[in-house]
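Worksheet: one structure, shown below.
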Amino acid sequence: MSATYVCCAAERRFGKDSMGTLIQGAMPGEGQALLDRFAGQVQTIYLDPPFNTGKQFDLKVRIGEEGYRTGARTMMLPAYDDRWPDREQYLQMMRETLVLSRALLKKEGTIFLHIDSRMHAHMRLLMDEIFGENNFLNEIIWSYQTGGRAKTYFPRKHDVILFYAKSRSYYFNLKGAPMERAQARSNHMKRAVDEEGRSYRSIVSAGKEYRYYDDEPAYPGDVWDDISHLQQKDPERSGYETQKPLKLLERIISCATQEGDLVCDLFCGSGTTAVAAAKLGRRFLCVDQSPLAIAVAGKRLSLTTGGKETGFAYDVEAPCGADNCRAEAEVFPAISSYTVRLIDFACEEAEAQGVKGLDAVDHWSAGFIQGDTYRGCVSSARTGATPALKTVMEMPVCAGEPCVMIVDIWGNRRFYLPRRRY
Ligand SMILES: C[S@@+](CC[C@H](N)C(=O)[O-])C[C@H]1O[C@@H](n2cnc3c(N)ncnc32)[C@H](O)[C@@H]1O
């Protein structure tokens, strides 16, 4: 007998304080619901929207134990489509999202809009219009070495991050993101060692000598060339195309927010903003239209180490996957706990693509249903270090009905009441 399919509107964690919420929803449609709950509460917003590239982007997933163990079994799944019927529709989506973003911000809030040369000029004008020319702070150039080598024009090797404030009383702390002096640009300066043996670089301007000691931190300017794009084999890589490096978000969040502040990303993709925010002790509100993005972001959060522990707690609000699969799971009572066993998972659609049984499961958890909310207690995810899923897990006895959540490799989350063995 199979486990019974149920649908839960939200997923939350038992026991740990949640660092934030991942919401599956499309902008600007999701806008009003966000405003109803978060208007005027956000300290900083980072937006890395589609760039109107005319391309489709994929997630490279590893399949089953073999996929994680050897990397030999993988699949490219469509993550998002950046093809637009015309530029006006793209600009309209961005306009509405930026108006909404402004309303989400606190008076002291700021926004970072990541864009490239395709839409940069349009976005600069749109940002001036929505946030006000007087609230423009920086045009940050993120310069990197990766990408193609054009021959008919100079290779394009940078993105632009437009930085605006909501008002003149915005919060910003340049010293929040110190860099090692060696990383800062100083090639043109003279090197020397002072009488105490400390090495420094110096420059003379208008007759005055300025010294920059190697053992003192430097602070970033508006050209960032010390953060590289993720390399092919970078351990940070989730397989989600267009994923940005954590260092980039850590710099932004460290300078634009303080501990406990709310950070928002309305195109969160693989969850880089959420992970950076949680690591820095900030709360997050991250939205994406793609179920794959929400699944990847959630998995990254639960595998990230922060402080002494591995795994940040977070909430998910996302539609349930369709009731078109069959799960076999059972629950046994022990003295003060339950043992939950995941036996099988079968989906015709998955099997049609050659993915059978538990190979279709990327991660799962066990917990309890309370009202229309699933509260997870224990979880197991496939990773390079642990390619096999745990199929038996123990969880404490809590209020509510025992339940399992299965997230398949397509990012669909389904909930099942396991068969009771008592
Ligand atoms: C450039 S990617 C973001 C990558 C992300 N910064 C990261 O580090 O992984 C853009 C994301 O926007 C999402 N997206 C596209 N259109 C959207 C919309 N209208 N509403 C919400 N998300 C959208 C896509 O699914 C994609 O994940």
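The values are calculated or read from the model by the stated rules, or taken from the named source; none is laboratory data. Here the structure is a predicted model, which is why all the values come from computation and not from measurement. A quick note on method: Cβ atoms are made from the backbone with ideal geometry, for glycine too, and the neighbour counts reach across all protein chains shown. Surface areas here come from the heavy atoms of the whole protein model, side chains and all, with no ligands, DNA or RNA. Shrake-Rupley method; radii C 1.70, N 1.55, O 1.52, S 1.80 Å.
List of remarks:
- Between Ala399 and Ala334, the distance separating the two model label sites (each 7 Å from Cα on the Cα→Cβ line) works out to 2.5 nm.
- Of the trypsin sites (Lys or Arg not before Pro) found in the range 130-166, those that fall in a DSSP loop while having at most 15 other beta-carbon atoms within 10 Å are Arg149, Lys151, Arg156.
- All-pairs Cα distance distribution in the chain, expressed in whole percent, bin size 10 Å: 4, 20, 28, 23, 15, 7, 2, 1, 0
- For Leu137, residues with placed amide H under 5 Å, excluding near neighbours: Phe163, Tyr164, Ala165
- Across the range 130-274 the C-alpha pair distances fall into 5 Å bins from zero in the proportions 2, 7, 13, 16, 17, 15, 13, 9, 5, 2, 0 percent.
- The packing ranking, built from the mean of other Cβ atoms within 10 Å per residue, places the peptides 40-46, 367-373 in the order 40-46, 367-373, highest first.
- Gln92-Gln231 FRET efficiency (beta carbon distance; Förster radius 45 Å; 0.05 resolution): 0.80
- Amide H contacts under 5 Å for Phe284, placed H, 5+ residues apart: Gly20, Thr21, Val263
- Net lengthening on full extension, Thr310/Trp84 (0.36 nm per residue, minus Cα-Cα): 77.4 nm
- Unpartnered cysteines - no second Cys beta carbon under 4.7 Å - across the chain: Cys8, Cys255, Cys264, Cys377, Cys398, Cys403
- Antiparallel DSSP beta bridges within the chain, percent to nearest 5: 70
- The chain, accessible area per residue, ligands and nucleic acids excluded (1.4 Å, Å²): 47
- Stretched out straight at 0.36 nm per residue, the stretch from Thr152 to Gln41 would grow longer than its current Cα-Cα span by 35.3 nm.
- Protection proxy ranking of 189-200, 5-16, 289-300 - average other beta-carbon atoms within 10 Å, highest first: 289-300, 5-16, 189-200
- Label-zone membership for the range 190-224, site Ser143, 7 angstrom Cα→C-beta point, backbone N under 19 Å: 190, 218-224
- With both residues required to sit in the range 229-344, DSSP beta bridges show an antiparallel share near 65%.
- All Cα pairs of the range 90-196, percent lying beyond 25 Å: 41
- Cα convex hull volume per residue for the range 325-420 (Å³): 92
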